[in-house]
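One structure is given here, and the rest of the page talks about it.
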Amino acid sequence: MILAIDMGNTNIVMGAIDDEKTYFVERVTTNHGKTDMEYAINIKSILEIHQLSPSQIEGAIVSSVVPPLNATILSAVKKICGFKPMLVGSGMKTGLNILMDNPKTVGSDMIVDAVAAIRDYPCPIIVIDMGTATTMSVVDASGNYIGGVILPGLKVSLDSLSGKTAQLPYISLETPGSVIGKNTIDCMRSGILYGSAAMMDGIIDRMEKELGATPSVVATGGLANYILPLCRHEIAYEDDLLLKGLLILYNKNRRP
């Protein structure tokens, strides 16, 4: 089993996974002020909660969109597991042909998601990752990564709406009973949730038209469960999609 870690701007997703199963998926808050020892304690505590020992971890791999924290997390893993993990980056073998203006600028999380989706779903594929930002990546019928879109995430949109308006409160995300809200809070929830679902459906329709084929659509990310039930398209949900992609990359790049 390996330890797979994806560092996002809001959360760090950690999981233990092997070719047979995913043992856990957990999230901790991304905090630039924490030391490697504090993150090491997080990792050790999560392993203990799931009744796993560091000695059972045979390897580790990290993907990151937060470069200032890379060294901290790599050091934290080494404190617990005794070895330095792989870091997803330029030069790593992915098996993915990236047809972008500058392939090096594509987020590592988007690449990892696409690598996992290609293994389990027929191409073309749209991969949706809902975190701080919502990303929609497109893999064409030949298995090439050809681009996508980046949208404000749910919480970013909601915080901006509340923070920039004097009379709109900060609210929790709960699905309203109907699209037409009867009070301010339900109106906000309806706008954010149904609006995001409609936006996602609309973009999928436009991507499908550009592709000239009906794509597989798969979503991941901690906020996806709020939106997917409201979408009109059939969208598969995989909480551990990133971990599966990291395991594939680990196996492709580990030394004999």
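The set of residues in segment 161-193 that are within 30 Å of residue 138 (Cβ to Cβ) and either of a type in the set (S, T, N, Q) or more than 21 Å from the chain's Cα centre (by Cα) (or both) comprises 161, 175, 179, 189, 190, 191. The residues listed here are 133, 166, 219, 224; of these, the one that is out of contact with any helix residue (DSSP H, G or I) (no Cβ under 8 Å at 6 or more places or on another chain) and open to solvent by less than 60 Å² (accessible area, probe 1.4 Å) is 224. In segment 76-88, of all residues being surrounded by 14 or more Cβ atoms within 10 Å (Cβ to Cβ) and among the basic types (Lys, Arg), the one that is nearest to residue 2 (Cα to Cα) corresponds to 78.
When you check residue 239 against the structure, is it more than 23 Å from residue 112 (Cα to Cα) and open to solvent by 20 Å² or more (accessible area, probe 1.4 Å), yes or no? It is false that residue 239 is more than 23 Å from residue 112 (Cα to Cα) and open to solvent by 20 Å² or more (accessible area, probe 1.4 Å). Taking first residues from segment 133-159 that are more than 16 Å from residue 200 (Cα to Cα) and partners that are of a type in the set (Phe, Trp, Tyr) and open to solvent by less than 10 Å² (accessible area, probe 1.4 Å), the Cβ contacts under 9 Å between residues at least 6 apart in sequence or on separate chains come to 139/145. In summary, residue 148 fulfils each of the numbered conditions (1) buried (at least 19 other Cβ atoms within 10 Å of the Cβ); (2) of a type outside the set (D, E, K, R); (3) closer than 18 Å to residue 226 by Cα with the single exception of condition (3).
Taking the numbered list (1) over 22 Å from the mean Cα position of the chain (by Cα); (2) in contact (Cβ under 8 Å) with a residue 24 or more places away in the chain; (3) open to solvent by 60 Å² or more (accessible area, probe 1.4 Å) in turn, residue 97 passes all entries but (1). Would you confirm whether or not segment 59-75 contains a residue that is of a type outside the set (A, V, I, L, M, F, W, C), part of a loop (DSSP other than H, G, I, E, B) and open to solvent by 40 Å² or more (accessible area, probe 1.4 Å)? Looking for residues that are of a type outside the set (A, V, I, L, M, F, W, C), part of a loop (DSSP other than H, G, I, E, B) and open to solvent by 40 Å² or more (accessible area, probe 1.4 Å), one finds none in segment 59-75, hence no. Mind listing whichever residues of segment 227-251 are farther than 19 Å from residue 26 by Cα, touching a helix residue (DSSP H, G or I) at 6+ places or on another chain (Cβ under 9 Å) and assigned to a helix (DSSP H, G or I)? Selection gives 227, 228, 229, 230, 248, 249.
Every test in (1) buried (at least 17 other Cβ atoms within 10 Å of the Cβ); (2) in a helix (DSSP H, G or I) is passed by residue 48 save one, and that test is (1). The condition of being free of Cβ contacts under 8 Å to residues at least 12 places away in the same chain and either at positive phi or out of contact with any Pro (no Cβ under 9 Å at 6 or more places or on another chain) (or both) holds for only one of 253, 183, that being 183.
The values are calculated or read from the model by the stated rules, or taken from the named source; none is laboratory data. Everything numeric here is computed off the predicted structure, so don't read it as measured data. Reconstructed Cβ throughout: ideal geometry from the backbone, glycine too, with neighbour counts over all protein chains shown. For the accessible areas, the whole protein counts, side chains as well, though only heavy atoms, and no ligand, DNA or RNA atoms are used. Shrake-Rupley method; radii C 1.70, N 1.55, O 1.52, S 1.80 Å.
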